[in-house]
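Structure first, commentary second.
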Amino acid sequence: MASSERRKLCATLLLSGVVSISSYILVFTHQEWVTRNFTRGGVYAMLPLATAFYFALVHGTFTSGLLHMLGLRAATKGAADRGQAGDASREKVQQ
Amino acid sequence: MITRLSAIFTAGLLFAASSVPAVAGGVPKDLPPTGIINSVDPQTRTIVFRPQGVDTAMTLPLAESVDASCISVGSRVIVRMEQRDGLAVVAGISTMFVTLTPVLLIALVLVGLVGGMLSGFIGSGGAFVMTPSMMSLGIPGVVAIASNMCHKFPKALVGGYKRYRYGQADLKLGLVIGGSAIVGVQVGIRVQKAILAAWGQAGSDLYLSLAYVAVLLSFGTYVLFDAWRLWRGGVEVKTSALALAVQKVRIPPVMEFPVAGLKLSVWVTVPVGLASGLLVATIAAGGLVGVPGSIYALGTTAIVATATQLVTAFVMGLYGAVYWAVGGFVDIRLTLLILAGSLLGIQFAAIGTTYVKDYTIKYTMGVAMLIVAASRAAKVPVLLAELHWMPLSSGAVDRFESVSFWALIAALSSACAIVFGATIQGMLRAKRNPCACDPKA
């Protein structure tokens, strides 16, 4: 991995890690308020849904970066990075 | 990535909100009531209960089985009502929010990790593993289902997107199957309610266990046999005769599914979606029929089927999450803890799928399905005894319960060991010989 790429990855990992941990601390230090308001039902349903989505983005970015830093990367990295579809999957149809 | 994921989330949320009648009609009526118990009168065996969102309290009689001295006053509870001699009585009370101890906290993250690894690798396994595990940790069943459902859609979104980037997930096929799966969920809920009304809780549990055993045993055996044939090397991966026949159907609308490399009539995907939804409502494991359905009935590869199932799981998860959140049953603390583990597990497993061959996924799925089937089969004599259809001593009940629990633990451990082992082995092989890293090679 090039050093500039590695630096960028480290920064993303650090930032998403800090945001993720801070968010977890924020929720768990305000448990009572959170559980009371997030289970009101009706339109308040947006609160747990949006929170779950937010954590998926932040924590997902962190775990993705962590696996990448640990050297755990997909075998078809080139295709993956370009967002190209249908390499492994197409073998079957051509039979 | 964030922009794309946000767009998918918004579209999915609008879709789910427009299709869940609960949003328009307020809190769904068929969910158990929650609220606060203001006081308990042990003499008259009644409680003063104030339902959530209502200002006025009501007095409710307690069933004989409820111990009045154990009822906590002032905290939020879930109340289970039953009809006894034409009168509505309180048959059960459970505290809604568990106290999070360090042990429970770590256990929930681990449960999430295991569920995430299974979902990422075989496209299923989150709910059917996580909900019973959460209930074993002392979380009320309805909160465990709701909190798990709320974690399912973001997890499936992250995992599905990851596998889409690896060129494995067919978004279009997943969304089409997801549409009919929602109808299947509704049908499944109605079937469940009818069984509950006819045979009670034990009858409903027996039906669930028998459904588990029948589905998992039949599909699991076939999937494992297919994996064994491919592993032996005598047979090449080829489209089944059923799938070839299905692909010839041209009833409009016909759609092209680019990642799967198929051109199918939308109608032929409906049975797969309906069966997935039915199983989600019944045993919370739509992928166990959705994945084999996509492979053997539609003709996708195992890798595409498991990845596409994550897209379907996102649609169904979002639909279910809206339903439970509108009812106010999601304990976000539990959702976030299992999400912490499952996001790591699902991404690790997604990477793992790029190193393994088709039969490894089938093999993992088959093993997990058969051991879970054994776990549920051990429950059947216990439930038959509860219905007084079979005599069973209390010692035997304990032994069957123990077998059921340990079989589930064995299913989880072996599936995770296979996923972990196959991924690490694939990576090491790729390091030694770069050409061998590609599963297509």
Report the residue count in the range B:203-250 for those that are of a type in the set (Ser, Thr, Tyr) and farther than 23 Å from B:Pro271 by Cα. 1
Go through the range B:217-255 and give me each residue that's open to solvent by 60 Å² or more (accessible area, probe 1.4 Å), free of Cβ contacts under 8 Å to residues at least 24 places away in the same chain and under 29 Å from B:Arg165 (Cα atoms). B:Glu236, B:Lys238, B:Pro253
Hey, any hits in the range B:199-206 for a residue that's touching a Phe, Trp or Tyr at 6+ places or on another chain (Cβ under 8 Å), at pLDDT below 80, away from chain A (no Cβ under 14 Å) and surrounded by fewer than 17 Cβ atoms within 10 Å (Cβ to Cβ)? yes
For the range B:234-273, give me each residue that is touching a Lys or Arg at 6+ places or on another chain (Cβ under 6 Å) and under 18 Å from B:Val315 (Cβ atoms). B:Phe257
Listed residues B:Gly112, B:Gly174; which is touching a Leu at 6+ places or on another chain (Cβ under 8 Å), farther than 30 Å from B:Val77 by Cα and within 14 Å of chain A (Cβ to nearest Cβ)? B:Gly174
Across the range B:316-343, which residue is nearest to the other protein chains (Cβ to nearest Cβ) among those that are assigned to a loop (DSSP other than H, G, I, E, B) and under 18 Å from the mean Cα position of the chain (by Cα)? B:Val330
Return yes or no: is B:Val213 in the same structural domain as B:Gly287 (by TED's automatic domain parsing), open to solvent by 70 Å² or more (accessible area, probe 1.4 Å) and under 17 Å from the mean Cα position of the chain (by Cα)? no
Helices (runs of 4 or more DSSP H) wholly in the range B:344-441 with at least 3 residues that are open to solvent by less than 10 Å² (accessible area, probe 1.4 Å) - which ones? B:358-377, B:394-432
Residues of the range B:284-308 that turn out to be within 13 Å of another protein chain (Cβ to nearest Cβ) and within 15 Å of the chain's Cα centre (by Cα), as a count: 1
With respect to A:Arg40, is the statement that it is assigned to a loop (DSSP other than H, G, I, E, B), modelled with pLDDT of 85 or more and within 10 Å of chain B (Cβ to nearest Cβ) true? yes
For the range A:10-37, give me the residue count where each residue is more than 9 Å from chain B (Cβ to nearest Cβ) and surrounded by 15 or more Cβ atoms within 10 Å (Cβ to Cβ). 5
Look at the range B:67-98 and say how many of its residues are open to solvent by 50 Å² or more (accessible area, probe 1.4 Å) and either of a type in the set (Ser, Thr, Tyr) or out of contact with any strand residue (DSSP E or B) (no Cβ under 9 Å at 6 or more places or on another chain) (or both). 5
Give, as residue ranges, the strands (runs of 3 or more DSSP E) completely inside the range B:30-101 that count at least 2 residues that are closer than 20 Å to B:Gly138 by Cα. B:34-41, B:76-84, B:87-95
Search the range A:43-56 for residues being surrounded by fewer than 22 Cβ atoms within 10 Å (Cβ to Cβ) and aliphatic (A, V, I, L, M), and hand back the single one that is modelled with the lowest pLDDT. A:Val43
Of all residues in the range B:127-148 being in contact with a helix residue (DSSP H, G or I) (Cβ under 8 Å, 6 or more places away or on another chain) and of a type in the set (Val, Ile, Thr), which is surrounded by the fewest Cβ atoms within 10 Å (Cβ to Cβ)? B:Ile145
Qualifying positions in the range B:281-298 - farther than 17 Å from B:Leu217 by Cα and either open to solvent by 10 Å² or more (accessible area, probe 1.4 Å) or touching a Cys at 6+ places or on another chain (Cβ under 8 Å) (or both): B:Ala281, B:Ile295, B:Ala297
Could you please tell me which pairs satisfy a Cβ distance under 8 Å, a separation of 6+ or placement on different chains, a first residue in the range A:12-32 that is closer than 18 Å to B:Phe97 by Cα, and a second residue that is outside any helix (DSSP H, G or I)? A:Phe28/B:Leu100; A:Gln31/B:Leu100
Kindly list, by first and then second residue, each pair from a residue in the range B:393-408 that is aromatic (Phe, Trp, Tyr) to a residue that is in a helix (DSSP H, G or I) and surrounded by 11 or more Cβ atoms within 10 Å (Cβ to Cβ), limited to pairs with Cβ atoms under 7 Å and residues at least 6 apart or on different chains. B:Phe400/B:Pro381; B:Phe400/B:Val382
Return the total of residues in the range A:43-73 being more than 16 Å from the chain's Cα centre (by Cα) and facing chain B (nearest Cβ under 7 Å). 2
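The values are calculated or read from the model by the stated rules, or taken from the named source; none is laboratory data. What you see is a predicted model; the values in this text were computed from it and never measured. When we count neighbours, we look across all protein chains shown, and the Cβ atoms used for this are built from the backbone with ideal geometry, even at glycine. Note: accessible area is taken over every heavy atom of the protein model, side chains too, but ligands, DNA and RNA are not part of it. Shrake-Rupley method; radii C 1.70, N 1.55, O 1.52, S 1.80 Å.
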